[in-house]
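Down below is the structure, laid out as structure tokens.
The values are calculated or read from the model by the stated rules, or taken from the named source; none is laboratory data. The structure displayed is predicted, hence computed values, not measured ones. Cβ sites come from the backbone with ideal geometry, for glycine too, and all protein chains shown count toward neighbours.
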Amino acid sequence: MPAGDLVALKPGAEGESPAVLWKSNRLKIGGYATPLYYRDHVYTLNSAGVLICGDANTGKMVWDLRLKGPFSASPVAADGRLYIVNEKGLTQVVKLGDKPEIEASNDLADDMLATPAIAADCIFLRSDGWLYCIGK
């Protein structure tokens, strides 16, 4: 899928159109992953494996990080970390901050296209044939 710019909108009053707050060509949306808003930041992930963090108030890029892709699933967040699973079943845990780092990885070696879910101190991962629950 072609990459597109990310646009932040402010909803309009009843009957009015939304206003554009900012538009960023640095926070590209590409592939299938949905952008994620978490703790005043927006995260985009392209199919090639570049995770980009932007300031949600201004649209300015804060940092980018190369991950092992390709990706179809969207990132999820909890406890100051992003959890991102690639199409081959490799989950990468990114500790957030001024200098993000890949804190851990777990390779289930299974085809995964679905976005993970987090509930009850577990991350749920669905592959073509299995549902995994990984707890703390």
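Quick one: residue 34 ticks every box in (1) assigned to a strand (DSSP E or B); (2) at pLDDT below 95; (3) among the polar types (S, T, N, Q) bar one, so which box is it?
In the conditions (1) assigned to a strand (DSSP E or B); (2) at pLDDT below 95; (3) among the polar types (S, T, N, Q), residue 34 misses (1) alone.
Would you mind listing the strands (runs of 3 or more DSSP E) fully within the stretch 75-132 where at least 3 residues are of a type outside the set (S, T, N, Q) and surrounded by fewer than 16 Cβ atoms within 10 Å (Cβ to Cβ)?
Here the list reads 101-107, 117-119.
If I filter the stretch 2-14 for residues that are under 25 Å from residue 105 (Cα atoms) and either among the basic types (Lys, Arg) or not in a strand (DSSP E or B) (or both), do I get at least one hit?
no
Would you mention how many residues in the stretch 58-73 are under 21 Å from residue 133 (Cβ atoms) and surrounded by fewer than 19 Cβ atoms within 10 Å (Cβ to Cβ)?
Adding up the residues that qualify gives 1.
Identify all residues within the stretch 37-68 that are in contact with a Gly (Cβ under 9 Å, 6 or more places away or on another chain) and in a loop (DSSP other than H, G, I, E, B); write none if there are none.
Correct list: 39, 46, 47, 48, 49, 60, 67, 68.
Within the stretch 54-71, is even one residue within 13 Å of the chain's Cα centre (by Cα) and among the β-branched types (Val, Ile, Thr)?
Scanning the stretch 54-71, I find no residue that is within 13 Å of the chain's Cα centre (by Cα) and among the β-branched types (Val, Ile, Thr), so the answer is no.
Name the residues in the stretch 37-53 that are among the hydrophobic types (A, V, I, L, M, F, W, C), modelled with pLDDT of 90 or more and either farther than 11 Å from residue 6 by Cβ or more than 9 Å from the chain's Cα centre (by Cα) (or both), would you?
Within the stretch 37-53, the first condition is being among the hydrophobic types (A, V, I, L, M, F, W, C), and the residues that meet it are 42, 45, 48, 50-53.
Within this subset, residues satisfying the condition of being modelled with pLDDT of 90 or more are 42, 45, 50-53.
Passing the criteria: 45, 50, 51, 53.
Only one of 118, 123, 134 is over 16 Å from residue 29 (Cα atoms) and at pLDDT below 95; which? I'd like the intermediate steps shown before the answer.
On the way: 118 fails: at pLDDT below 95; 123 fails: at pLDDT below 95.
So the residue among 118, 123, 134 that is over 16 Å from residue 29 (Cα atoms) and at pLDDT below 95 is 134.
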